[in-house]
Amino acid sequence: MADVRLPGTLTPLFPGLPRRLEVQAPTVLAAIDSLEQQWPGLRDRLVAEGPTLRSHIHAYVDGERAGLETPVAKRSRLDVIAAISGG
Amino acid sequence: MPKTLLTVATRKGTFILESDDRRDWTLRGPYCEGWPVYHAIYDATTGEIYAAAASEWHGTTVWRSSDLGETWEMSSEGLTYGDQDGRRVSKASTLARAGDRLLVGVEAPGIFESRDNGKTWSLLSTLSGQHGSELWDDPANQPPGHLGISGFVTDAGDSDSFFAIVQGIGAFETEDGGSSWTPRNQGLRRDWPADYEDVGFCVHKLVRSSDPQRMYQQNHVGMHRSDDAGQSWTEITEGLPGDFGFAAAVHPHDTETFYVIPVDGGHGRTMHEGKATVWRTRDAGSSWQPMRDGLPQVDAHLGVLRQGMTIDSHDAPGVYFGTSTGQVFASADEGETWSEIASYLPSISSVDVAILD
């Protein structure tokens with residue numbers, strides 16, 4: 001199971017969504033889609049048309065910048081970050 | 001007196017102002033998790049509040065509250081051009097109720113509708129094929145502000161009939177629920193070259209009086225009046241301190257009375273001479289009177305955006321406007337006198353009013 005960390009801006013939008021949880025998925029997009037099953041609408045908050053990560057949402061797999069198709073291993077850490085943006 | 005409720009959209013969430021007498025106001029908020037909100041409305045049909053929002057991080061959505069703002073939900077289900085279209089929904093700019101439809105205007109320019117009060121959305125129209133649409137679908141051609149569809153005027157008696165404004169292009173009318181459109185810009189002034197006769201106008205705000213034939217608009221270049229339901233327009237700027245502004249409101253019971261807030265048309269876009277002023281006509285634009293009593297007259301460099309002024313439906317209507325520096329001003333006597341009812345809100349995008357019986 002991958003160790004997934006979500007941005008704090010996301011949790012108020014989905015009751016019961018933790019900041020940190022475990023997901024079994026082969027890619028970043030699959031991990032997000034897995035979360036979508038339990039918290040409908042979550043994918044829209046991270047993924048734009050394309051599909052592509054929203055422009056100020058960054059993903060890292062084991063510390064390396066990742067895209068939606070980046071593989072996620074069983075023991076990977078996936079960080080989803082709301083980048084410094086706006087004011 | 002029934003409760004008066006103001007729904008205030010700001011760059012940092014939605015706020016509610018409410019009053020039992022239109023003198024003493026209480027403020028609640030921020031709501032919508034502090035998201036940038038571009039237009040918030042009270043929908044008398046459902047009693048719900050809707051807020052069109054777009055987060056830099058989390059994209060575009062429409063928030064809704066069925067308990068006057070105490071709790072909120074959001075949905076963007078269906079609010080997308082899809083993965084293959086090439087266009088992206090970057091912002092929800094404006095909302096309106098049209099019969100059983102809830103409409104939202106977005107950028108890239110398009111209109112989505114919800115038939116279940118904001119839970120799900122589907123694309124209604126992009127006005128494709130209209131003159132200019134080949135340009136407005138190009139992201140590089142979007143005007144500053146990036147509003148796309150920047151306003152609606154709906155018809156309470158006919159849900160298939162409404163106007164939509166394409167920012168920087170002009171106003172269009174549909175009479176068949178968005179299947180076909182007709183440009184409604186005849187007689188408008190433009191001070192720039194354009195490729196087409198019927199589009200290429202910068203309509204900032206469109207309002208309809210209690211007589212559907214009588215409409216008004218604040219344009220990038222001039223205030224205008226229509227006496228034939230928007231089919232043609234006559235400029236009524238003379239007597240005002242400038243021809244540029246965003247906000248406009250029409251008296252709910254008197255088709256001759258219309259309010260505007262002229263602002264500097266350059267980069268500043270604040271009220272002229274630092275004097276906060278709402279201008280009112282009582283004769284359909286033949287003459288204008290400045291309404292300043294109670295408004296700051298020294299160093300008041302206030303801006304008001306296109307959804308930033310509204311008017312209630314009391315016998316003696318109250319007029320309200322919110323500024324880009326976070327003040328809300330209210331008049332309970334048709335603009336004769338004003339008071340500041342909120343002072344330190346975030347930058348205000350819209351003010352909407354409802355009378356709750």
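Just the Cα atoms of the protein assembly as shown: what Rg and Dmax do they give in Å?
22.5, 75
In whole Hz, with x marking every Gly and Pro, tabulate ³J(HN,Hα) for segment B:343-349 from phi via Karplus 6.51 cos²θ - 1.76 cosθ + 1.60, θ = phi - 60°.
Per-residue couplings from phi come out as 10, 10, 7, x, 3, 9, 9 Hz.
Using a Gaussian network for chain B with springs between C-alpha atoms less than 10 Å apart, which of these wobbles most: B:Thr71, B:Thr337, B:Thr325?
Greatest mean-square fluctuation among the candidates belongs to B:Thr71.
So for chain B, taking the charge dipole from beta-carbon charges (+1 Lys/Arg, -1 Asp/Glu), which of B:Gly34, B:Trp121, B:Gly132 sits furthest toward the positive end?
B:Gly34
Which distance in Å, rounded to a whole number, links the C-alpha centroids of segment B:224-250 and segment B:145-214?
One Cα centre to the other: 13 Å.
Rounded to the nearest 0.05, what FRET efficiency is calculated for B:Asp67 and B:Glu134 with R0 set to 51 Å and r the Cβ-Cβ distance?
E(calc), rounded to 0.05, equals 0.70.
Name the GluC sites (Glu not before Pro) in segment B:19-82 that are in a loop by DSSP and that have at most 11 other C-beta atoms within 10 Å, would you?
Numbers: sites: B:Glu33, B:Glu48, B:Glu56, B:Glu70, B:Glu73, B:Glu77; in loops: B:Glu56, B:Glu70, B:Glu77.
Taking segment B:19-82 and a limit of 11 other Cβ atoms within 10 Å, the loop GluC sites (Glu not before Pro) found are B:Glu70.
Per-residue HN-Hα couplings for segment B:30-38, Karplus 6.51 cos²θ - 1.76 cosθ + 1.60 at θ = phi - 60°, whole Hz, x for Gly and Pro?
x, 10, 6, 6, x, 5, x, 10, 9
Take the Cα atoms of segment B:33-314, find their three principal axes, and give me the spread along each one in whole Å, biggest first.
50, 46, 38
Scan around A:Ala66 for amide H atoms under 5 Å from its own, H built in the peptide plane at 1.01 Å from N, and keep only partners 5 or more places away or cross-chain.
A:Ala59, A:Tyr60, A:Val61
Please report B:Arg280, A:Arg5 as a ranked list, fewest other C-beta atoms within 10 angstrom at the top and most at the bottom.
Final ranking by Cβ density, sparse to dense: A:Arg5, B:Arg280.
Counting other C-beta atoms within 10 Å, which of B:Tyr196, A:Tyr60, B:Tyr320 has the fewest, and how do the rest follow?
The most exposed by this proxy come first: B:Tyr196, A:Tyr60, B:Tyr320.
By per-residue mean of other Cβ atoms within 10 Å, what is the highest-first order of B:95-101, B:156-162?
Working: B:95-101: 19.9, B:156-162: 14.6.
Listed from highest to lowest mean packing, they are B:95-101, B:156-162.
Taking the Cα centre as origin and putting +1 on Lys and Arg beta-carbons and -1 on Asp and Glu beta-carbons, what dipole magnitude results for the protein assembly as shown, to the nearest 20 debye? Walk me through the numbers before you get to the answer.
Numbers: 37 positive and 62 negative charges, 308 e Å.
In total the dipole reaches around 1480 debye.
Return B:His39, B:His267, B:His224 ranked ascending by Cβ neighbour count within 10 Å, so the fewest neighbours appear first.
B:His267, B:His224, B:His39
If only Cα atoms are counted, what is the Rg of segment A:37-83, and what is its Dmax, in Å?
Cα radius of gyration and Dmax of segment A:37-83 are 11.0, 29 Å respectively.
Could you give me the ³J(HN,Hα) list for segment B:309-317, computed from phi with Karplus coefficients 6.51, -1.76, 1.60 and θ = phi - 60°, whole Hz, x at Gly and Pro?
10, 8, 9, 8, 10, 4, 4, 9, x
Please compute, for peptide A:48-56, the average count of beta-carbon atoms on other protein chains lying within 10 Å of each residue's beta-carbon.
Partner Cβ neighbours, averaged per residue: 5.
Each reported figure results from applying straightforward, stated rules to the coordinates on display, with no laboratory input. These numbers were taken from a predicted model, which means no experiment stands behind them. Glycine gets a Cβ as well: all are built from the backbone with ideal geometry, and neighbour counts include every protein chain shown.
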